[in-house]
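Below is one structure, written out as structure tokens; the observations come after it.
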């Protein structure tokens, strides 16, 4: 985990890969709970028997499930000392570039693309988040994520 002591330390890392997270495993239970929460019960996600005969040979995670892991990756990958609050400000661009079969292990690479001060005591950060699947030949998700942090030292 990368720890920053001030927003100026964060801003000094623009253009750099700041963190690579640990691997996490995607389970069928996670996929089923995500389907329940979102109402997306497409068979390719929630019917393992039918999915075996489908295009990927197994059930796959929802793309939005993969995307929803971004806050977890940030939590594991970096910390800003003194920040009293962090918020997800949105996304500029998202691509789901490969499927995530259930049982896959994923991790994220976090590259800081830009920072912008937010009055009175905040910082907006633009991150390139590349989610990789262990053994995969290309990323499963690439997203430009905007986050804001408030309260840390300048």
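Pull up region 42-55, narrow it to residues that are without any contact (Cβ under 8 Å) to a residue 40 or more places away in the chain and assigned to a helix (DSSP H, G or I), then point me to the one that is surrounded by the fewest Cβ atoms within 10 Å (Cβ to Cβ). So that I can check it myself, show each step before the final result.
Quick first cut of region 42-55, residues without any contact (Cβ under 8 Å) to a residue 40 or more places away in the chain only: 42-47, 49-55.
Keeping just the survivors that are assigned to a helix (DSSP H, G or I) gives 43-46, 49-52.
Values: 43: 12, 44: 17, 45: 21, 46: 18, 49: 8, 50: 11, 51: 21, 52: 11.
If we take residues in region 42-55 being without any contact (Cβ under 8 Å) to a residue 40 or more places away in the chain and assigned to a helix (DSSP H, G or I), then 49 is surrounded by the fewest Cβ atoms within 10 Å (Cβ to Cβ).
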> Exactly one of (1) closer than 30 Å to residue 58 by Cα; (2) out of contact with any strand residue (DSSP E or B) (no Cβ under 6 Å at 6 or more places or on another chain) is unmet by residue 131. Its number?
Replying inline: (2)
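What is the residue count in region 64-120 for residues that are free of Cβ contacts under 8 Å to residues at least 24 places away in the same chain, farther than 30 Å from residue 41 by Cα and outside any strand (DSSP E or B)? Explain how you work it out, then say what you get.
Step one: filter region 64-120 for residues free of Cβ contacts under 8 Å to residues at least 24 places away in the same chain, giving 71, 75, 116, 119-120.
Going one step further and asking which of them are farther than 30 Å from residue 41 by Cα, we end up with 116, 119-120.
Those still in the list that are outside any strand (DSSP E or B) too: 119-120.
Selection size over region 64-120: 2.
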> Is it the case that some residue within region 126-142 is in a strand (DSSP E or B), under 17 Å from residue 89 (Cβ atoms) and over 15 Å from the mean Cα position of the chain (by Cα)?
Replying inline: no
> Any residue at all in region 83-91 that is within 19 Å of residue 21 (Cα to Cα), at pLDDT 95 or above, surrounded by fewer than 17 Cβ atoms within 10 Å (Cβ to Cβ) and under 15 Å from the mean Cα position of the chain (by Cα)?
Replying inline: yes
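Limited to region 143-154, what total is found for residues that are in a loop (DSSP other than H, G, I, E, B) and in contact with a helix residue (DSSP H, G or I) (Cβ under 9 Å, 6 or more places away or on another chain)?
Of all residues in region 143-154, those in a loop (DSSP other than H, G, I, E, B) come to 151-154.
With the extra rule that they be in contact with a helix residue (DSSP H, G or I) (Cβ under 9 Å, 6 or more places away or on another chain), the set shrinks to 152-154.
Total meeting the criteria: 3.
For region 1-41, how many residues are assigned to a loop (DSSP other than H, G, I, E, B) and touching a helix residue (DSSP H, G or I) at 6+ places or on another chain (Cβ under 8 Å)?
First, pick out the residues of region 1-41 that are assigned to a loop (DSSP other than H, G, I, E, B): 1, 5-6, 12-16, 21-23, 26-27, 39-41.
Going one step further and asking which of them are touching a helix residue (DSSP H, G or I) at 6+ places or on another chain (Cβ under 8 Å), we end up with 1, 21-22, 26, 40-41.
Summing the residues that are assigned to a loop (DSSP other than H, G, I, E, B) and touching a helix residue (DSSP H, G or I) at 6+ places or on another chain (Cβ under 8 Å) in region 1-41 gives 6.
The values are calculated or read from the model by the stated rules, or taken from the named source; none is laboratory data. The structure displayed is predicted, hence computed values, not measured ones. In this analysis, Cβ positions are derived from the backbone assuming ideal geometry, glycine residues included, and neighbour counts consider all displayed protein chains.
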